[in-house]
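Comments concern the structure below.
The values are calculated or read from the model by the stated rules, or taken from the named source; none is laboratory data. Keep in mind that this is a model prediction, so the values were computed, not measured. In this analysis, Cβ positions are derived from the backbone assuming ideal geometry, glycine residues included, and neighbour counts consider all displayed protein chains. Each accessible area value is taken on the protein alone, full model and side chains, heavy atoms only, with ligands, DNA and RNA left out. Shrake-Rupley method; radii C 1.70, N 1.55, O 1.52, S 1.80 Å.
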Amino acid sequence: MDITLSAADRALQAKAKDFAETWLFPHEELAEDDAGVPPETMKKILAASVDYELSGMNHSVEDGGRGYNVVQQCLIYEELGKATGGLALIHSIVPPYSLKFATPEQKEKYLKPTINGEKSVAFMVSEKDAGSDARGITSTAVQQGNHYVINGEKWFASHANYADYSLLHSNIDGDPEKATLFIVDKGTPGMSVKHLSKHMLNRSGRTPQILLDDMKIEAGQILGEIGQGFELTKDWFIEQRMFIAARCVGSAIRAAETAEAYAREREAFGQKVGDFQAIAFKIADMAVDIMTAKTLLYRCAAEIDSGIERKLAHARASAVKLVCTEMAGRVCDEALQIMGGRGYLVEYPTERLYRSVRLERIVEGTSEIQRVVIAGQIKKRGLGLYTSL
Ligand SMILES: Cc1cc2nc3c(=O)[nH]c(=O)nc-3n(C[C@H](O)[C@H](O)[C@H](O)COP(=O)(O)OP(=O)(O)OC[C@H]3O[C@@H](n4cnc5c(N)ncnc54)[C@H](O)[C@@H]3O)c2cc1C
C-alpha cells in the first residue's frame, strides 16, 4: 500500500495552507464577535476559494468542480481545519455531494453558482424528534398537480436562515419509503425562521429552526428520484465523515504545535515547562495520537480512491470519523492544559480549537452512532473488516 504524496498532492496541500493562513486566520477573532465576519469579507473569502482552485473540490470537472481525489480533498480539509470560528465551513468548497445527481438544469441553476461562490446552500434533515434517528422525520410533502405542499419543522438547519437555497429532506405522503430531497429557494412562501439558537462554536453562529407551513414547491425541484432521500444522503455521509476527520487532524496539529511552542518558551520553577516530564509526555502522547489518526485517515482515503465498494467505504468512514474526532478532543484538551491560563483565553487558537472540535463528535452521526455502524458491520461482515489489511 502506497500513500506517498505526489508532487501535485504537495502543491495542492501548499495552496490550501496558504489559503487558510491568508484568508481564514486573519478573520478568526472577528468570527468570535457578536456580528461575525462582515458579508463583504465573506464574499472576498469565497472569491479567493475560487481563485485558489479549491471551490467545488468534491465535484467532477464536467460539473464545474475540480475533480480532486479523496486523498487530495482530505489534504485540503486538513489545512482548513486549522482555522477556528467555523471559517473552514465555506460552502463553495464543498457543495453537497447529492447535487451530483441533479438534472443538467438544476446543476446550471444551483451547483455551478455554488462552486463559483455566488450561491450559498443549506442542508435540512434534522427535526425536533429526528436527529440520530432520521426515520423519525415527520415533515410531509403532498402532491397537488405540478406542485408539492410541504409542512413540518426543521431543526439545526445551519445557514438555512440566509442561504440562497436549501436541500430539504421530507417524506412524500408522510411515507418514509418515499423520503425525498427537494431544492428550496430562499424566500419561498411558507418557509420562515421560528427560532435562532446561539451555540458554542462562535458567538455570531446561529442555528435556526425552520417552519414549513404549506410551502409550495414545483415537482421539478425534486433532487434525484422520489424515495431516494436516504440514498443521496448516505453518499453525503461518507464524504462528510472523511472531511470532518481531516478537519480534526488539522485542528489537532495546530493545537499541538501551539502548545509545544509555548512549552519550549514558558519557564516555571527555573526551567522550561516543556522540560518537565509531565509536559513532555503529554506532547509525546499528542504527537502519537495525531499520527495514529492521520495514518488511518489517509489509508482509508487512498482505499476509497482505489475504488473499494461503497458499503465498505461507508463502514470505514465511520471508523475514521470516530478515531479522528475523539483524538482531536483529547489533543485540544491537553494542549489547553499545557498552556495553563493562557490556554483558556480567546486570543489564543487553543481555546477556539477546543470548542470547534467539540461539535465534530456530534454532527454527521455522533460518536455513539459511528459505533452503532461499526458494530453492525462487524456482525454482518466479521471483525476482519476492521482488523485486516
Ligand atoms: C451546530 C450544529 C449544526 C448542525 N447542522 C445541521 C445541519 O446543517 N443540518 C442538519 O440536518 N442537522 C444539523 N445538525 C444536527 C445534528 O446532525 C444532530 O444534532 C445530530 O445528528 C444528533 O442528533 P440529536 O441532536 O437529535 O441527538 P439525539 O439523536 O437525540 O441523540 C442524543 C444522544 O443519544 C445518543 N444516541 C442516539 N441514538 C443512539 C443509539 N442508537 N445508540 C447509542 N446512542 C444513541 C446520541 O449519540 C446522543 O448522545 C447540527 C447540529 C449542531 C449542534
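Some notes on this structure:
- Answer from Glu79, Glu105 - the residue that is in the same structural domain as Leu30 (by TED's automatic domain parsing) and surrounded by fewer than 24 Cβ atoms within 10 Å (Cβ to Cβ): Glu105
- Residue tally, condition closer than 30 Å to Arg342 by Cβ, more than 7 Å from the ligand (Cβ to nearest atom) and either at pLDDT below 95 or not in a helix (DSSP H, G or I) (or both), over the range 357-384: 2
- Test: residue in the range 134-147 that is assigned by TED's automatic domain parsing to the domain that holds Lys15, open to solvent by less than 50 Å² (accessible area, probe 1.4 Å) and either within 13 Å of the ligand (Cβ to nearest atom) or not in a helix (DSSP H, G or I) (or both): no
- Scan of the range 152-170 for residues that are near the ligand (Cβ under 10 Å from one of its atoms) and closer than 18 Å to Ala102 by Cα, ordered by number: Ser166, Leu167, Leu168, His169
- In the range 286-307, the residues that are free of Cβ contacts under 8 Å to residues at least 40 places away in the same chain form Cβ pairs under 8 Å with partners that are small (Gly, Ala, Ser) and open to solvent by less than 40 Å² (accessible area, probe 1.4 Å), at six or more places apart or across chains, as follows: Ala287/Ala256; Leu296/Ala319; Glu303/Ala313.
- Answer from Gly270, Gly229, Gly250, Gly224 - the residue that is surrounded by fewer than 21 Cβ atoms within 10 Å (Cβ to Cβ) and touching a residue at least 12 places away in the same chain (Cβ under 8 Å): Gly224
- Members of the range 74-96 that are in a helix (DSSP H, G or I) and either among the aromatic types (Phe, Trp, Tyr) or within 12 Å of the chain's Cα centre (by Cα) (or both): Cys74, Tyr77, Glu78, Leu80
- Residue check, Met200 in contact with a Leu (Cβ under 8 Å, 6 or more places away or on another chain), open to solvent by 60 Å² or more (accessible area, probe 1.4 Å) and within 14 Å of the ligand (Cβ to nearest atom): yes
- Verdict on Ala255 being closer than 17 Å to Gly343 by Cβ, out of contact with any helix residue (DSSP H, G or I) (no Cβ under 9 Å at 6 or more places or on another chain) and away from the ligand (no atom under 16 Å from the Cβ): no
- Complete set of residues in the range 149-171 that are open to solvent by less than 10 Å² (accessible area, probe 1.4 Å) and more than 23 Å from the chain's Cα centre (by Cα): Ile150, Asn171
- Sole residue being modelled with pLDDT of 95 or more, closer than 30 Å to Gly376 by Cα and either crowded, with 20+ Cβ neighbours inside 10 Å or of a type in the set (Phe, Trp, Tyr) (or both), chosen from Ala319, Ala259, Ala335, Ala302: Ala319
- Some residue of the range 34-46 being modelled with pLDDT of 95 or more and in contact with a Lys or Arg (Cβ under 6 Å, 6 or more places away or on another chain): no
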